[in-house]
């Protein structure tokens, strides 16, 4: 009798595990196509670097910036509208360009060897074909005032690949786009994050 009960319990556990696996698969996010099935810009970047900036009221604040080059090697001219979001291991969600005071871009540009780099506002617009028409720009966001160990940078606007998924709660259709995800490790500590170089952990495409 005990043996039968143990067998039934084991079968029940296996059924629950199998059901959970199926449920997770049903609600899993779609993955980008292995072979690109839509247009896609070529994107290269440098690892984020910190910079200190003194605001007009005398306060010293730190910001991260990531420089990049965007090239249109697709079949025609296309509109480039970067959408860059940063997520940290402490649960912070930051939008590049938000809470960045005037003057930070010029302070960064003064330190870069490329003085033709465009601001995050200037780079938005029509992207002509070919390497000769590539644009250089950067993303800027505030450095967190608390210690973080990792952050992920999500860069949208690079691909025309999309997917529609059903929101499991509202049951509404949600449009997802192919987005570049860059995972980074941050050995530094606030208020000055420039203790050690940022480490690139992973770079891959996701649907977001």
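Using a 7 Å offset from Cα along Cα-Cβ at residue 47, what residues in the stretch 93-119 end up with backbone N under 19 Å from the label point?
Once the point is set 7 Å along Cα→Cβ of residue 47, 112-113 turn out to lie under 19 Å by backbone N, inside the stretch 93-119.
Modelling each spin label as a point 7 Å along the Cα-to-Cβ direction, I'd like the residue 83/residue 164 distance in nm, to one decimal.
1.6
Take the alpha carbon gyration tensor of the stretch 74-115, find the square roots of its eigenvalues, order them as a ≥ b ≥ c, and report rounded if a/c is under 1.5; if not, report prolate when a/b exceeds b/c, else oblate.
In terms of gyration-tensor shape, oblate.
With a point put 7 Å past each Cα toward its Cβ, work out how far residue 92 is from residue 208 in nm, to one decimal.
1.6
Over the alpha carbons of the stretch 97-177, what is the largest minus smallest coordinate on each principal axis, giving the biggest first in Å?
The principal-axis extents, from largest down, are 49, 42, 22 Å.
For residue 115 and residue 31, what does the FRET efficiency come to when R0 = 35 Å and r is the distance between their Cβ atoms, rounded to the nearest 0.05?
0.30
Against the globular-protein guess of 2.2 N^0.38 Å, express the Cα radius of gyration of the stretch 32-207 as a ratio, rounded to two decimals.
1.10
Could you give the spread of the C-alpha atoms of the stretch 61-136 along their three principal axes, from largest to smallest, in whole angstroms?
So the extents along the principal axes, rounded to whole Å, are 41, 29, 18.
Round to the nearest 0.05 the FRET efficiency obtained for residue 126 and residue 199 when R0 = 35 Å and r is the Cβ-Cβ distance.
0.50
No lab work stands behind these numbers, since they all come straight from the coordinates. The structure presented is a predicted model; accordingly, all values stated were derived computationally and were not measured. As a convention, Cβ positions derive from the backbone with ideal geometry for all residues, glycine included, and neighbour counts pool all protein chains shown.
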